[in-house]
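Where a number appears in this text, it was derived from the coordinates with a stated rule and is not lab data. Quick caveat: nothing in here was measured; it's all calculated off a predicted structure. Neighbour counts run over all protein chains shown; Cβ positions are idealised from the backbone, glycine included.
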Amino acid sequence: MKLFTKKIIFFSSFVLVGLSIFFVWICLFFDEVLFVRKSTIYHVDTPLKMVALTFDDGPSPEWTPKILAVLKENKVKATFFMLGRHVKAYPQIARMVVAQGSEVGNHTYNHMVIFNSSTVKLEKEIKDTEKAIKEATGLTPVLMRPPKGWVTDKDKKLINKLGYETILWSLNSKDWVTFDDKYIVKFIMARVKPGDIILFHDSGGFFGTEGGNRDETVRAVSMLVEKLKARGFVLTTVSELLASRNP
C-alpha cells in the first residue's frame, strides 16, 4: 500500500512539474490571442508599407517619457493603451503622449482580465478609464485593448456597443518577459509585414503592471524603429493604420 501511495505521489508530482513547464513555455513563447482574434482588429490590410507600435499598461512616469523620447527623435508616432488608474495617478504623462502626436487607447481601469466577466463590471472598467483619459487629455478614446488579449465574443459585442474597436496585435514582443532587446528586434524584423500591429509595454514587469524594469523595451524600440525605417516602413498610430485600409 505504501509503495502504491509513493507511486501516486511520484506520478502526481511528475504531472504537476510537466504542466508547470508547459505553462511557462506557453507564457514565454506562445501568443494566446491566436484563439480570440475573430471580430477584432489585429492586423490591417493596407497597400502602404505601414506598421503600428503599441504600448500597454502605462502611463509610467519613468518609462513612458523614455519611449516618447525615442519616438520623438525618430519622428514617429505610436498608440498607448492606458490603464485608468495610471492615468489618474500620472495625468501629466498622458498629456505628454497626446502632445507629441501619439494616440491613447483604453486598457481598462485596473488591468482586469475581462475574459467572460460580468457586463456591469466590464462596462465600469471601460467607462472609468474613458473618464480618466478625457479628464487628463480632453480626448475620448475609441480603441480598446483587453488586458492579455483575453476576450470573448460577448465581451467584444459590449466593447463595440460602448463605441470602441477591439484592438489586439499581430506581433508580440513579449517584452514583459525581459527578453534581450536584440532578440526582440531580431524576432520582429524576421516576421514584420505591412499592416502589422506590434505589442510592447511602457509600464510594469513580470509580476505587475507598475514599476518593473523596461530598459530592454526602450533599447529594443530604439533599434527596431531604426531598422524598420531603414527597410522603408512608416511607423504610425493604429487609427492612421486603419485609415490606410484597402477598400
Which of the pairs LYS66/LYS182; LYS154/LYS227; LYS38/LYS66; LYS88/LYS186 have their Cα atoms more than 29 Å apart in this structure?
LYS154/LYS227; LYS38/LYS66; LYS88/LYS186
Within 10 Å, count the other beta carbons around each residue, average over each peptide in 45-52, 195-202, 68-75, and list them highest first.
195-202, 45-52, 68-75
Highest first, please rank the peptides 170-178, 182-190 by the mean number of other Cβ atoms sitting within 10 Å of their residues.
170-178, 182-190
Once the in-chain neighbours fewer than 8 apart are removed, the aspartates and glutamates whose Cα is under 19 Å from LYS229 read GLU73, ASP181, ASP196, GLU240
Rough spin-label spacing in nm, given labels placed 7 Å along Cα→Cβ, for LYS49 and ASN213
3.6 nm
For region 38-243: relative contact order, % (alpha-carbon pairs under 8 angstrom, 6 or more apart):
33 percent
Working note, region 132-175: Cα radius of gyration (Å, one decimal) and Dmax (Å, whole number) are 12.3, 32
